[in-house]
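Here's the structure we're looking at; comments come further down.
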Amino acid sequence: QVQLVDSGGGLVQPGGSLTLSCVASGSVFSIYSMGWYRQVPNKERELVATLTNGGSADYGDFVKDRFTISRNRAKNTAYLQMNDLKTEDTAVYYCIAQTGPRAYWGQGTQVTVSS
């Protein structure tokens, strides 16, 4: 079992920045990828960014070089640096940790981009 606690969301103006964090605990040795998805009401959860243990990153098409994912494996923590935020980035952001048999999810953190 893996437990995830994600944090760092909040209210920011368009063009601003936020950094999300996700701390993993439990069977962290089984994790091979961590990242974020996001979801708005009445839409499916969509990929934001993931990063494997080997350093391979995958980003959603909408990111367009605005977001950067990183991990500190010694601290079992993943980070998502989000710059140049837009109103359409408003969503609940969920941390994900992928192990062999399954994916684990954090509780979600709200990001609101508004003037």
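Brief remarks on what is shown
- Loop chymotrypsin sites (Phe, Trp or Tyr not before Pro), segment 7-65, which have at most 15 other Cβ atoms in a 10 Å radius of their Cβ (DSSP): Tyr32, Phe62
- The lysines within cross-link reach of Lys43, meaning a Cα-to-Cα straight distance under 28 Å and a gap of 8 or more places when in the same chain, are Lys64, Lys86.
- Distance from segment 1-49 to segment 89-115 (C-alpha centre basis), Å: 3 Å
- Here is the tail figure for segment 18-115: Cα pairs spaced more than 24 Å apart come to 17 percent of all pairs.
- Sorting the segments 74-86, 102-114 by their residues' average number of neighbouring beta-carbon atoms within 10 angstrom, most packed first, yields 74-86, 102-114.
- Fraction of antiparallel bridges per DSSP, the chain only, in percent to nearest 5: 95 percent
- Charge-dipole axis of the chain as Lys and Arg at +1 and Asp and Glu at -1 on Cβ define it, positive-most pick from Trp105, Val48, Trp36: Trp105
- Fully extended contour minus Cα-Cα distance, from Phe62 to Val40, at 0.36 nm per residue: 6.5 nm
The numbers here are math on the coordinates, done by the rules we state, and not lab data. Bear in mind that the values here come from a model prediction, so they are computed numbers and not experimental data. FYI the Cβ positions are ideal-geometry reconstructions off the backbone, even for glycines, and counts take in every protein chain you see.
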